[in-house]
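Nothing in this text is a laboratory measurement; each read-out follows from the coordinates by a stated rule. All values reported here derive from a predicted model rather than from experimental measurement. Every residue, glycine among them, receives a Cβ derived from its backbone with ideal geometry; neighbour counts consider all protein chains shown.
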Amino acid sequence: MNIGIIGAGKVGVSVGRYLKDNNIQISGVYDINSDNAAFAAQFTQTDCFSDLEELVKVSDTLFITTPDNIIGSVWDCIKNNMSVDCKVNNKIVCHFSGALSSDVFTDSQSTGASVCSIHPMLAFSDKLTSYRIPANTFFAVEGDETAVSAMKSLFESLGNTVCRIDKSKKSLYHTAASVLSNELVALLDMGYSLLEQCGFSRDEAVKATQNLVSGNVKSVLENGCVNAMTGPVERNDLQTVKKHIDSLQGEDRQIYILLAKRLVKLAKAKNEDRDYGEMSEFLDLS
C-alpha cells in the first residue's frame, strides 16, 4: 500500500504522521495551499506534491482529508480531470469525514475505484499533537468491500478497533460522536458559567471541578451510565431538584430540565423499586 494524502489540515497531518511513525508507506501530501502542503510533508517526513495528478499517479490508495464541503469536488476532479495514464482504476479512495458516507463518491463503480469512508472516534485539536493516536482508537468504516477490507486490515494491524457500520446510519453515528464530544464541551461550559455567577473565575471553576468531572467520566467508562449515577434525581430528592430549577433561567433552565428527564429514565433502571412518578410529573410541568 502506498498512500497519497489530499488535504493538509489537522486530520491529514495527524493521520499521515501516525501511519508514517508506524512504518506505513506514504507517497506524499497535496494541498491547494502550498505552505500547508510543505508543512505537512515535512512533519510527516514524506514528499510534498504541487500537482494533484502526480500524487494520484504514484499512489495506489488515496486519503481525502479535506473539509467535508469539498470532498465531492476533489473526487470529481480526480474522477474527471486526470490524464489517460492517471486514472483511479483499481485504486482505493477513502475520506475521513464523520458526517458524510461513501455516497459522496458519485459514480465510483464506473471508475473502477473502490471507495469507502473511515472515521476515527477522536478529536483532532491541532496538527502538532493529534498524531499521537492511541493504539486502541475506534474507527468506523463503510463502503465497498475491497476498500473496507483494506482499511480494516491496515488500522487493525496498528492495534485499532475497526467496526463496519451501515451507510444509512452514518449521520446518526456522527451525531452520537458530536454529542459525546462537542456537546459535552458545551455542557461543561454551562457548569463553569454557573460557578462564575457564584464568584469563581473560569480557571478556578475548572480547577475546582477537575476531580468531579474526571471521576464521573471514569465511572461511566468503567461501570456504565446507570451504575455511575449519583445526585438528587437518582436519590429522588424532588425538593433539591426544585431548588436547582428555581435558581436557573432561560436556556440553562431548559437544559437542566431536559437532562433531568433523561436522568429519571436512568434512575428507574437503577432503582426499579423506587417510584419516580412525582419527579417525572414535576419535570413535565416545569
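Table for the structure above
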read-out: Too-long pairs where the Cα-Cα distance tops 32 Å, listed order kept, from 20/91; 79/167; 167/268; 242/270; 20/87; 152/270; value: 167/268; 152/270
read-out: Residue exposure sequence - 279, 121 - by fewest surrounding Cβ within 10 Å; value: 121, 279
read-out: Kirkwood Rh, Cα atoms: Rg over Rh of the range 217-265; value: 1.03
read-out: Label corresponding to log10 I(q)/I(0) by the Debye sum over Cα atoms at q = 0.08, 0.14, 0.15 Å⁻¹ when calculated from the structure given, among [x] -0.48, -0.99, -1.07; [y] -0.41, -1.10, -1.19; [z] -0.33, -1.01, -1.15; value: [x]
read-out: Of 271, 182, 80, the one that fluctuates the most in a GNM where the chain has Cα springs shorter than 10 Å; value: 271
read-out: C-alpha long axis of helix 182-197 to longest principal axis of the chain, angle in °; value: 40 degrees
read-out: For the range 85-214, alpha-carbon Rg and Dmax in angstrom; value: 19.6, 68
read-out: Global geometry of the range 3-167, whether rounded, prolate or oblate, following the gyration tensor of its Cα atoms and the 1.5 cut on a/c; value: oblate
read-out: Among 195, 236, 285 the positive-end extreme of the charge dipole of the range 180-285 (Cβ point charges); value: 236
read-out: Whole-angstrom Cα spans of the range 180-285 along principal axes, big to small; value: 41, 34, 22
read-out: Of 250, 12, 143, the one that fluctuates the most in a GNM where the chain has Cα springs shorter than 10 Å; value: 250
read-out: Rel. contact order, % - alpha carbon contacts under 8 angstrom, at least six apart, the range 4-158; value: 22 percent
read-out: Between helix 210-223 and the chain: long-axis angle, C-alpha atoms, 0 to 90°, nearest 10; value: 80 degrees
read-out: Computed log₁₀ I(q)/I(0) - Debye formula, equal Cα scatterers, no solvent, the range 193-252, q 0.18, 0.21, 0.23 Å⁻¹; value: -0.90, -1.06, -1.08
read-out: DSSP-loop trypsin sites (Lys or Arg not before Pro) across the range 125-209, with at most 14 other Cβ within 10 angstrom; value: 132
read-out: Whole-Å distance, taken between Cα centres, linking the range 194-225 and the range 126-176; value: 30 Å
read-out: Whichever aspartates and glutamates have a C-alpha closer than 17 Å to that of residue 261, once near sequence neighbours (fewer than 8 apart) are set aside; value: 234, 237, 246, 251, 252, 272, 275, 278, 281, 284
read-out: Label point distance in nm, residue 273-residue 253, each placed 7 Å from Cα along Cα→Cβ; value: 3.8 nm
read-out: Value of [θ]222 nm, deg cm²/dmol, for the chain, DSSP H segments ≥ 4, -39500 (n - 2.57) each, nearest 500; value: -16000 deg cm²/dmol
read-out: Helix 250-270 axis, angle to the chain major axis (alpha carbon atoms, nearest 10°); value: 90 degrees
read-out: Proximal charge balance of residue 1 [Cβ under 12 Å; K/R count +1, D/E count -1]; value: 0
